[in-house]
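What follows is a short report on a single structure.
The values are calculated or read from the model by the stated rules, or taken from the named source; none is laboratory data. What you see is a predicted model, and the numbers here were worked out from it, not measured in a lab. No Cβ is skipped: glycine too gets one built from the backbone with ideal geometry, and neighbour counts run over all protein chains shown. Quick note on the areas: whole protein, heavy atoms, side chains included, nothing else; ligands and nucleic acids left out. Shrake-Rupley method; radii C 1.70, N 1.55, O 1.52, S 1.80 Å.
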Amino acid sequence: LNTFMASVDPRFLNVANWAMLTTVAGLVLWVYRPVGQYKYSVKTIIFPKIFSFFGPDYHYSERSPITVRSLGADEIVPYFENEHTEDYVKGRYGNVGIELLEAELLKVQGVGRSRRRETVFQGIFILLTMNKPFAGKTVVKKDAGKIGNWLNGTFKGLQKVQLEDPTFEKQFEVYASDQVE
């Protein structure tokens, strides 16, 4: 093999490498183009039609006009430095306004070469607008067990709420500024 490689003109290897690279790049584009077209059509054609079935008040947008920072949910959202939002849905069910947005929240971890972005939240935010005014503040979070709940602490100015439903109580922790509300 070494004698064969020594006898081959280096210019041929350079041309062969470029030809191979161009061919592979062309194949990759050819394979992934339909995937890109599918994703584009789902967000621009299919999703708007699906949400229109819920009623004329429902609208879908690929981009969210709302940012997570603008929600002012500092006490319930983990610390983050960057956010990426998409897939925004707005509608109404009875007297309740509904807004949904998909979000990924990131923060930078580490220093120097060990610096990396870490996802601290990936999921859906749901905003509900109701005609009833609320005087208090209530936070519901997933139960992390006795030790996990103790380590996470409580929310400033909120008291732990004991609920009557044992099934709900096993899965969630509830804190509120007004126990009755």
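Taking the average, over residues, of other Cβ atoms within 10 Å as the packing measure, peptides 39-48, 56-65 rank 56-65, 39-48 from highest down. Annotation for Thr138 and Leu71: the two label points, set 7 Å from Cα along the Cα-Cβ direction, are 1.8 nm apart.
A simple rule links phi to the HN-Hα coupling: the Karplus curve 6.51 cos²θ - 1.76 cosθ + 1.60 with θ = phi - 60°, which for segment 83-90 gives 9, 10, 10, 6, 6, 9, 10, 10 Hz, with x for Gly and Pro. Scalar couplings 3J(HN,Hα) for segment 16-28, obtained by applying the Karplus form with A = 6.51, B = -1.76, C = 1.60 to θ = phi - 60°, are 5, 4, 5, 5, 5, 4, 5, 5, 5, 4, x, 5, 4 Hz; x denotes Gly and Pro. Note on Phe53 and Ser114: their simple-model spin labels are 5.0 nm apart, each label 7 Å out from Cα toward Cβ. Going through (1) 11.2; (2) 10.3; (3) 19.7, the figure that equals mean projected area of the Cα convex hull in nm² as computed for the structure here is (3). Stretched out straight at 0.36 nm per residue, the stretch from Ser61 to Asn14 would grow longer than its current Cα-Cα span by 12.1 nm. The accessible area of Phe54, taken with all protein chains in place and a 1.4 Å probe, comes to roughly 130 Å². Quick one: if the Förster radius is 45 Å, what FRET efficiency do Glu81 and Ser177 give, using the C-beta to C-beta distance and rounding to 0.05? Efficiency at R0 = 45 Å is approximately 0.95.
With θ taken as phi - 60° and the Karplus curve 6.51 cos²θ - 1.76 cosθ + 1.60 applied, the whole-hertz 3J(HN,Hα) list for segment 61-68 is 9, 5, 10, 8, x, 9, 9, 5 Hz, x standing for glycine and proline.
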